[in-house]
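Structure first, commentary second.
The values are calculated or read from the model by the stated rules, or taken from the named source; none is laboratory data. Source: prediction; values computed, not measured. Heads up, the Cβs are rebuilt from the backbone with ideal geometry, glycines too, and the neighbour counts pull from every protein chain shown. Accessible surface areas use protein heavy atoms only, side chains included; no ligands, DNA or RNA. Shrake-Rupley method; radii C 1.70, N 1.55, O 1.52, S 1.80 Å.
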Amino acid sequence: MTRLASRSYLSFLRARSVGTSLAVIAAVSAVSLLAGENLIDLSVGSGAGVPYATLAPAMSGSLIAASARSGLFGQEQLACRNLWVPRAALLLGMVLWAAAWAAIAQPTLPNSPGDIAAVRNVVGFTGLGLIASRIIGGRLAWIAPISMAIAALTLASSSGQSRGAALVWPLTADGNTTAALVALTLFAVGAGVVIAQGTRERETDAGE
(Lines give C-alpha, C1' and ligand atoms only; values in the text may rest on other atoms or scores of the structure.)
Protein backbone atom coordinates (compact mmCIF):
# COMPACT_ATOMS: atom_id res chain seq x y z
CA MET A 1 0.00 0.00 0.00
CA THR A 2 1.44 3.38 -1.04
CA ARG A 3 1.82 6.32 1.32
CA LEU A 4 -0.88 8.20 -0.59
CA ALA A 5 -3.29 5.29 -0.26
CA SER A 6 -2.53 5.02 3.45
CA ARG A 7 -3.30 8.69 3.95
CA SER A 8 -6.52 8.35 1.96
CA TYR A 9 -7.76 5.49 4.12
CA LEU A 10 -6.73 7.31 7.28
CA SER A 11 -8.73 10.33 6.16
CA PHE A 12 -11.62 8.01 5.38
CA LEU A 13 -11.60 6.70 8.96
CA ARG A 14 -11.14 10.11 10.55
CA ALA A 15 -14.04 11.53 8.56
CA ARG A 16 -16.27 8.97 10.26
CA SER A 17 -14.90 9.34 13.81
CA VAL A 18 -14.28 5.60 13.86
CA GLY A 19 -11.99 5.66 16.89
CA THR A 20 -14.58 7.48 18.98
CA SER A 21 -17.34 5.11 17.87
CA LEU A 22 -15.30 2.03 18.75
CA ALA A 23 -14.57 3.43 22.20
CA VAL A 24 -18.23 4.30 22.82
CA ILE A 25 -19.36 0.84 21.70
CA ALA A 26 -17.01 -0.73 24.23
CA ALA A 27 -18.24 1.70 26.91
CA VAL A 28 -21.90 0.91 26.16
CA SER A 29 -21.25 -2.80 26.64
CA ALA A 30 -19.33 -2.19 29.85
CA VAL A 31 -22.05 0.03 31.29
CA SER A 32 -24.78 -2.43 30.27
CA LEU A 33 -22.84 -5.17 32.04
CA LEU A 34 -22.74 -3.12 35.25
CA ALA A 35 -26.43 -2.22 35.00
CA GLY A 36 -27.52 -5.59 33.70
CA GLU A 37 -28.83 -6.89 37.01
CA ASN A 38 -31.71 -4.42 36.76
CA LEU A 39 -34.62 -5.66 34.69
CA ILE A 40 -37.06 -3.76 32.49
CA ASP A 41 -40.56 -4.93 33.46
CA LEU A 42 -42.51 -6.24 30.51
CA SER A 43 -45.74 -6.50 32.43
CA VAL A 44 -46.45 -4.72 35.70
CA GLY A 45 -46.58 -7.18 38.57
CA SER A 46 -45.85 -10.22 36.42
CA GLY A 47 -42.19 -10.47 37.39
CA ALA A 48 -41.25 -10.84 33.73
CA GLY A 49 -38.51 -8.63 32.40
CA VAL A 50 -35.40 -8.27 30.31
CA PRO A 51 -32.02 -6.84 31.29
CA TYR A 52 -31.13 -3.29 30.34
CA ALA A 53 -28.29 -4.81 28.33
CA THR A 54 -30.89 -5.96 25.80
CA LEU A 55 -30.78 -2.38 24.52
CA ALA A 56 -26.97 -2.39 24.18
CA PRO A 57 -26.94 -4.05 20.71
CA ALA A 58 -29.42 -1.41 19.51
CA MET A 59 -27.11 1.34 20.73
CA SER A 60 -24.11 -0.35 19.12
CA GLY A 61 -26.00 -0.70 15.85
CA SER A 62 -26.90 2.98 16.02
CA LEU A 63 -23.26 3.96 16.48
CA ILE A 64 -22.12 1.80 13.58
CA ALA A 65 -24.80 3.29 11.31
CA ALA A 66 -23.83 6.79 12.40
CA SER A 67 -20.20 6.05 11.53
CA ALA A 68 -21.22 5.29 7.96
CA ARG A 69 -21.85 9.01 7.55
CA SER A 70 -18.80 10.93 6.39
CA GLY A 71 -17.81 14.38 7.55
CA LEU A 72 -16.22 14.79 4.11
CA PHE A 73 -19.32 13.77 2.20
CA GLY A 74 -18.97 16.37 -0.55
CA GLN A 75 -15.32 15.62 -1.22
CA GLU A 76 -15.91 11.88 -1.31
CA GLN A 77 -18.72 12.31 -3.81
CA LEU A 78 -16.24 13.99 -6.14
CA ALA A 79 -13.46 11.46 -5.57
CA CYS A 80 -12.46 9.17 -8.42
CA ARG A 81 -11.67 6.29 -6.08
CA ASN A 82 -14.40 3.69 -5.63
CA LEU A 83 -15.28 3.65 -1.92
CA TRP A 84 -17.12 0.35 -1.70
CA VAL A 85 -14.04 -1.57 -0.48
CA PRO A 86 -13.22 0.72 2.49
CA ARG A 87 -16.93 1.01 3.31
CA ALA A 88 -17.28 -2.77 3.40
CA ALA A 89 -14.10 -3.21 5.46
CA LEU A 90 -15.22 -0.52 7.93
CA LEU A 91 -18.67 -2.04 8.43
CA LEU A 92 -17.31 -5.55 8.84
CA GLY A 93 -14.69 -4.43 11.35
CA MET A 94 -17.12 -2.40 13.44
CA VAL A 95 -19.74 -5.15 13.46
CA LEU A 96 -17.16 -7.69 14.59
CA TRP A 97 -15.99 -5.31 17.34
CA ALA A 98 -19.54 -4.67 18.59
CA ALA A 99 -20.51 -8.33 18.31
CA ALA A 100 -17.49 -9.41 20.35
CA TRP A 101 -18.37 -7.00 23.16
CA ALA A 102 -22.02 -8.07 23.08
CA ALA A 103 -21.09 -11.75 23.21
CA ILE A 104 -18.88 -11.12 26.24
CA ALA A 105 -21.45 -9.11 28.18
CA GLN A 106 -24.76 -10.85 27.45
CA PRO A 107 -24.22 -14.41 28.78
CA THR A 108 -23.37 -13.12 32.26
CA LEU A 109 -26.71 -11.35 32.66
CA PRO A 110 -29.99 -12.65 34.13
CA ASN A 111 -32.66 -13.64 31.59
CA SER A 112 -30.17 -13.08 28.77
CA PRO A 113 -31.24 -14.51 25.39
CA GLY A 114 -27.66 -15.75 24.94
CA ASP A 115 -24.42 -14.79 23.24
CA ILE A 116 -25.53 -15.87 19.77
CA ALA A 117 -28.70 -13.81 20.14
CA ALA A 118 -26.60 -10.82 21.23
CA VAL A 119 -24.46 -11.09 18.09
CA ARG A 120 -27.57 -11.53 15.97
CA ASN A 121 -29.09 -8.39 17.48
CA VAL A 122 -25.97 -6.35 16.75
CA VAL A 123 -26.13 -7.50 13.13
CA GLY A 124 -29.86 -6.81 12.81
CA PHE A 125 -29.85 -3.42 14.51
CA THR A 126 -26.84 -2.35 12.44
CA GLY A 127 -28.67 -3.29 9.26
CA LEU A 128 -31.75 -1.38 10.36
CA GLY A 129 -29.62 1.67 11.13
CA LEU A 130 -27.90 1.46 7.76
CA ILE A 131 -31.26 1.30 5.97
CA ALA A 132 -32.35 4.39 7.88
CA SER A 133 -29.09 6.17 7.03
CA ARG A 134 -29.87 5.71 3.36
CA ILE A 135 -33.51 6.79 3.67
CA ILE A 136 -33.43 9.65 6.18
CA GLY A 137 -29.69 10.37 6.41
CA GLY A 138 -26.82 9.41 8.65
CA ARG A 139 -27.56 12.05 11.29
CA LEU A 140 -30.89 10.42 12.18
CA ALA A 141 -29.97 6.79 11.54
CA TRP A 142 -29.97 6.02 15.29
CA ILE A 143 -33.73 6.52 15.47
CA ALA A 144 -34.57 3.25 13.70
CA PRO A 145 -32.62 0.78 15.91
CA ILE A 146 -33.66 2.45 19.17
CA SER A 147 -37.30 2.65 18.06
CA MET A 148 -37.26 -1.02 17.05
CA ALA A 149 -35.85 -2.05 20.43
CA ILE A 150 -38.51 -0.07 22.30
CA ALA A 151 -41.26 -1.34 20.01
CA ALA A 152 -40.14 -4.95 20.55
CA LEU A 153 -40.28 -4.49 24.33
CA THR A 154 -43.73 -2.92 24.07
CA LEU A 155 -45.12 -5.60 21.76
CA ALA A 156 -43.67 -8.38 23.89
CA SER A 157 -45.36 -6.87 26.93
CA SER A 158 -48.77 -6.51 25.29
CA SER A 159 -48.68 -9.96 23.69
CA GLY A 160 -47.41 -11.84 26.70
CA GLN A 161 -43.89 -12.12 25.32
CA SER A 162 -44.80 -13.86 22.10
CA ARG A 163 -41.14 -14.59 21.43
CA GLY A 164 -41.71 -16.49 18.21
CA ALA A 165 -43.11 -13.43 16.43
CA ALA A 166 -40.93 -11.69 13.85
CA LEU A 167 -41.67 -8.25 15.29
CA VAL A 168 -40.07 -9.10 18.64
CA TRP A 169 -36.99 -10.74 17.14
CA PRO A 170 -34.54 -8.81 19.38
CA LEU A 171 -35.99 -10.59 22.43
CA THR A 172 -35.86 -14.13 21.10
CA ALA A 173 -33.32 -16.61 22.44
CA ASP A 174 -30.46 -18.37 20.68
CA GLY A 175 -31.49 -20.63 17.84
CA ASN A 176 -34.65 -18.79 16.77
CA THR A 177 -34.63 -19.16 12.99
CA THR A 178 -37.15 -16.40 12.31
CA ALA A 179 -35.16 -13.88 14.33
CA ALA A 180 -31.93 -14.86 12.59
CA LEU A 181 -33.52 -14.47 9.15
CA VAL A 182 -34.92 -11.04 10.05
CA ALA A 183 -31.56 -9.83 11.37
CA LEU A 184 -29.57 -11.16 8.41
CA THR A 185 -32.05 -9.70 5.91
CA LEU A 186 -31.89 -6.28 7.54
CA PHE A 187 -28.10 -6.34 7.51
CA ALA A 188 -27.84 -7.59 3.93
CA VAL A 189 -30.15 -4.86 2.64
CA GLY A 190 -28.66 -2.07 4.77
CA ALA A 191 -25.02 -2.96 4.18
CA GLY A 192 -25.64 -3.52 0.48
CA VAL A 193 -27.10 -0.08 -0.20
CA VAL A 194 -24.66 1.83 2.02
CA ILE A 195 -21.57 0.05 0.68
CA ALA A 196 -22.70 0.70 -2.87
CA GLN A 197 -24.06 4.23 -2.50
CA GLY A 198 -23.14 5.61 0.91
CA THR A 199 -25.54 7.34 3.25
CA ARG A 200 -28.12 9.92 2.18
CA GLU A 201 -27.08 13.40 3.21
CA ARG A 202 -28.64 16.80 2.73
CA GLU A 203 -26.83 19.53 0.84
CA THR A 204 -26.28 21.42 4.09
CA ASP A 205 -24.60 18.34 5.57
CA ALA A 206 -22.46 17.84 2.52
CA GLY A 207 -21.03 21.31 2.83
CA GLU A 208 -19.78 20.82 6.40
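Residues that are in a helix (DSSP H, G or I), modelled with pLDDT of 85 or more and crowded, with 20+ Cβ neighbours inside 10 Å do not occur anywhere in region 29-38. Residues of region 128-142 that are of a type in the set (A, V, I, L, M), more than 15 Å from Ala183 (Cα to Cα) and touching a residue at least 60 places away in the same chain (Cβ under 8 Å): Ile135, Ile136, Ala141. In region 113-132 there is at least one residue matching the filter, namely being of a type outside the set (Asp, Glu), in a loop (DSSP other than H, G, I, E, B) and modelled with pLDDT under 80. Somewhere in region 93-100, is a residue within 21 Å of Trp142 (Cα to Cα), part of a helix (DSSP H, G or I), open to solvent by 60 Å² or more (accessible area, probe 1.4 Å) and at pLDDT 80 or above? Yes: region 93-100 contains one or more residues that are within 21 Å of Trp142 (Cα to Cα), part of a helix (DSSP H, G or I), open to solvent by 60 Å² or more (accessible area, probe 1.4 Å) and at pLDDT 80 or above.
Each row is one residue, and each column tells you yes or no for (1) farther than 19 Å from Ser62 by Cβ; (2) assigned to a helix (DSSP H, G or I); (3) modelled with pLDDT of 85 or more.
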{"position": "Ser147", "(1), (2), (3)": "no, yes, yes"}
{"position": "Ile150", "(1), (2), (3)": "no, yes, no"}
{"position": "Leu153", "(1), (2), (3)": "no, yes, no"}
{"position": "Ala156", "(1), (2), (3)": "yes, yes, no"}
{"position": "Ser162", "(1), (2), (3)": "yes, no, no"}
{"position": "Pro170", "(1), (2), (3)": "no, yes, yes"}
{"position": "Asp174", "(1), (2), (3)": "yes, no, no"}
